[in-house]
Each structure stands twice: as structure tokens, then as C-alpha cells.
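**Q** Before anything else, here's the structure in question.
The values are calculated or read from the model by the stated rules, or taken from the named source; none is laboratory data. If you're wondering where the values come from, they're calculated on a predicted model, not measured in any experiment. Positions of Cβ are generated from backbone atoms using ideal geometry, with glycine treated the same way; all protein chains shown enter the neighbour counts. Only protein heavy atoms, including side chains, enter the accessible area calculation; ligands, DNA and RNA are left aside. Shrake-Rupley method; radii C 1.70, N 1.55, O 1.52, S 1.80 Å.
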Amino acid sequence: MNLAELKKLKNNILPKIIFPEGDDERIIAAAKIIQGKKIAQPVLVSGKDIPGVNTINPSTVADLDTLTQELIQITGFSPEVSQKIVLHPLYFSALALKLGYVDSLIAGCVFTSGEVIAIAKQIIGLKKEISVPSSFFLMDIPNYQGGEQGKLIFADASVNIDPTPEEL
């Protein structure tokens, strides 16, 4: 798949979600569920073609120039450095989101919260009224009596250890 194909994915009613950790078995399984239930159109960034799910491999995409130029503009890196960085799944995904090829990005299964936030902040940025990024993850624990039928939300305290009331 190339960037033009990514932009034109069928069924434009459903949002396109890019997963930079597309080689992880948990992500592949989740993407298949998301696609099967028609929740969204998952796009896995992967070094291999995964049957039944849209995949994109940055190293084989012929039309990377747009992403590379955007990275140069954001960072001021040289074209040579930018061409290498844009192949990194997290940078590739963040740039695809920034330029509107996808509607959302989900990561943090393989990459740390710090990596995801740092790259997203650098490439996508924060809204003007937001000064501190935050993250959370969802847990579904079968047979657990707590939460909402075993479903819990954990805020990542490592991002902002002592938030003010305004930051919360």
C-alpha cells in the first residue's frame, strides 16, 4: 500500500486508525477485531503483509517525499537524515496523521509512553490551550470484580507525576 491508497481506503465513513506497532501479535489480533466489528479501518505499519488487514511498510512506500518534506519542515533535519527517520514506524505514523492520511494513531504497546508522547508532541504538537500531555490505557480483566465489569482506565502518572488541578 502507498500513501495515495491509504488516503483512499474504502469505506470512508469509518475512521482510519494507524498502528505503528503492527508487527505485534496483540495489535494484529485487535486490528482484526476492530475491522471485523466495523469500528474503524485499522492500518498496521508492518514489515510484512498481514492477510485480512490493511498494512503499510514504510520501507517499500514509493511516495515518501511528502512525509519527508514535512519532517524537514518541522525539524530542520537534512533530507538524508529525514529520509531515514521517516521510515521509523512511530514517526511514519505521526506524519501520516499530521498530513491527514489517517484519522487517529494508537500506540504504546511496544513503544513507551515517553516515546509516543515525545514524537507526537514534536510532529503533531499540542493544542494551544493544552500545556501538558497525558496518556492513559484501558484494561479489560476477565472475572475481575472491580471497575466497570472488569474494565479499567489507568492514567499514566509517569507523564505528569504531580498534576495541578488545571492540568487534571
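**Q** Looking only at the range 118-168, count every residue that is over 26 Å from residue 97 (Cβ atoms), surrounded by 10 or more Cβ atoms within 10 Å (Cβ to Cβ) and hydroxyl-bearing (Ser, Thr, Tyr) and tell me the total.
**A** Number of matching residues: 1.
**Q** Identify, from the list 86, 116, 102, the residue that is among the aliphatic types (A, V, I, L, M), modelled with pLDDT of 90 or more and more than 19 Å from residue 17 (Cβ to Cβ).
**A** Details: 116 fails: more than 19 Å from residue 17 (Cβ to Cβ); 102 fails: more than 19 Å from residue 17 (Cβ to Cβ).
Result of the check over 86, 116, 102: 86.
**Q** Considering only residues that are hydroxyl-bearing (Ser, Thr, Tyr) and without any contact (Cβ under 8 Å) to a residue 40 or more places away in the chain, look in the range 74-111 and name the one that is nearest to residue 25 (Cα to Cα).
**A** Our first condition is that a residue be hydroxyl-bearing (Ser, Thr, Tyr); within the range 74-111, this holds for 75, 78, 82, 91, 93, 101, 104.
Then drop every residue that is not without any contact (Cβ under 8 Å) to a residue 40 or more places away in the chain, which leaves 78, 82, 91.
Numbers: 78: 35, 82: 29, 91: 21 Å.
Here the residue is 91.
**Q** If residue 69 satisfies every condition in (1) within 17 Å of the chain's Cα centre (by Cα); (2) open to solvent by 80 Å² or more (accessible area, probe 1.4 Å); (3) of a type in the set (S, T, N, Q) but one, which is the exception?
**A** Condition (1) is where residue 69 drops out.
**Q** Could you please give the count of residues in the range 112-164 that are of a type in the set (Ser, Thr, Tyr), in contact (Cβ under 8 Å) with a residue 40 or more places away in the chain and in a loop (DSSP other than H, G, I, E, B)?
**A** From the range 112-164, those of a type in the set (Ser, Thr, Tyr) are 112-113, 131, 134-135, 144, 158, 164; that's our starting set.
Okay, now just the ones that are also in contact (Cβ under 8 Å) with a residue 40 or more places away in the chain, so 113, 158.
Restricting the remaining residues to those that are in a loop (DSSP other than H, G, I, E, B) gives 158.
Result for the range 112-164: 1.
**Q** Also, quick follow-up: How many residues are aromatic (Phe, Trp, Tyr) and out of contact with any helix residue (DSSP H, G or I) (no Cβ under 9 Å at 6 or more places or on another chain) if we restrict to the range 112-137? Walk me through how you get there before you give the answer.
**A** Going residue by residue through the range 112-137, those that are aromatic (Phe, Trp, Tyr) are 136-137.
Restricting the remaining residues to those that are out of contact with any helix residue (DSSP H, G or I) (no Cβ under 9 Å at 6 or more places or on another chain) gives 136.
Within the range 112-137, residues that are aromatic (Phe, Trp, Tyr) and out of contact with any helix residue (DSSP H, G or I) (no Cβ under 9 Å at 6 or more places or on another chain) number 1.
**Q** With the structure loaded, tell me whether residue 96 is of a type in the set (Gly, Ala, Ser), buried (at least 18 other Cβ atoms within 10 Å of the Cβ), in contact with a helix residue (DSSP H, G or I) (Cβ under 9 Å, 6 or more places away or on another chain) and in a helix (DSSP H, G or I) or whether it fails that test. Steps first, answer last, please.
**A** On the way: of a type in the set (Gly, Ala, Ser): yes; buried (at least 18 other Cβ atoms within 10 Å of the Cβ): yes; in contact with a helix residue (DSSP H, G or I) (Cβ under 9 Å, 6 or more places away or on another chain): yes; in a helix (DSSP H, G or I): yes.
So residue 96 passes the test.
**Q** Looking at (1) modelled with pLDDT of 95 or more; (2) out of contact with any Pro (no Cβ under 9 Å at 6 or more places or on another chain), which is the only condition residue 23 fails?
**A** Only one criterion in (1) modelled with pLDDT of 95 or more; (2) out of contact with any Pro (no Cβ under 9 Å at 6 or more places or on another chain) is unmet by residue 23, namely (2).
**Q** Yes or no: residue 78 in contact with a Gly (Cβ under 9 Å, 6 or more places away or on another chain) and exposed (fewer than 14 other Cβ atoms within 10 Å of the Cβ)?
**A** Working: in contact with a Gly (Cβ under 9 Å, 6 or more places away or on another chain): no; exposed (fewer than 14 other Cβ atoms within 10 Å of the Cβ): yes.
Against the criterion (in contact with a Gly (Cβ under 9 Å, 6 or more places away or on another chain) and exposed (fewer than 14 other Cβ atoms within 10 Å of the Cβ)), residue 78 does not qualify.
**Q** Does residue 104 satisfy being under 16 Å from the mean Cα position of the chain (by Cα) and closer than 24 Å to residue 38 by Cβ? Lay out the reasoning, then the answer.
**A** On the way: under 16 Å from the mean Cα position of the chain (by Cα): yes; closer than 24 Å to residue 38 by Cβ: yes.
Yes; evaluated as a whole, the condition is true for this residue.
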